[in-house]
Amino acid sequence: MSLPVLSQGRLRASRDAKISAAKQAEIAWRAAVMDAVEEVEVAQSNLTRYRQRASLLNKAAADYGHALSLAQENYRNGAITLLDLLETDRNTASARIAAASAANDAAQAWAQLKLATGAGAAATVEKAAEETAQEAG
């Protein structure tokens, strides 16, 4: 036979241990939520920055394209040398490559935002299922 009066210390210690475990779980949960919020905020910031950069580089590429058209016309009229025309063409190509790279960066930032918000979870689960099926087959 056991009397609760005699086991109060053990009961109190058990209660304190459970309260401590609950507090630790809450702290871990809060940390995970804060990490997730930070990840989403960073992804949003990156997406905004990359989209702005892509927009500016697209405008620059369009301006270089216009400059190339003018250079081609000047070359046909004998106002500039072939070397000047080729230099303008090279600059235009570089600007277009930079714009394409910026568009790629923006697309990757968009994908990172989708993953951070959980929208990419289904794709991750589907990919894991496909890989498991391939390994089994």
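Here is a yes/no grid of residues against (1) among the polar types (S, T, N, Q); (2) under 29 Å from the mean Cα position of the chain (by Cα):
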site	(1), (2)
S20	yes, no
N46	yes, yes
L57	no, yes
Y75	no, no
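Quick one: would you say V40 is among the hydrophobic types (A, V, I, L, M, F, W, C), touching a residue at least 24 places away in the same chain (Cβ under 8 Å) and in a helix (DSSP H, G or I)? So V40 fits the description; yes.
Of the residues A103, A107, the single one that is more than 19 Å from E39 (Cα to Cα), of a type outside the set (S, T, Y), surrounded by 12 or more Cβ atoms within 10 Å (Cβ to Cβ) and modelled with pLDDT of 95 or more is A103. Within the stretch 99-121, residues that are without any contact (Cβ under 8 Å) to a residue 40 or more places away in the chain reach partners that are surrounded by 14 or more Cβ atoms within 10 Å (Cβ to Cβ) and among the small types (G, A, S) with beta carbons closer than 6 Å, at six or more positions or on different chains, in the pairs K114/G120.
Would you point out the residue of the stretch 14-41, among those that are over 28 Å from A116 (Cβ atoms) and of a type in the set (S, T, N, Q), that is modelled with the lowest pLDDT? Going through the qualifying residues, I end up with S14.
The values are calculated or read from the model by the stated rules, or taken from the named source; none is laboratory data. Small disclaimer: the values here were computed from a predicted structure and weren't measured. Virtual Cβ from ideal backbone geometry, glycine too; neighbours counted across all protein chains shown.
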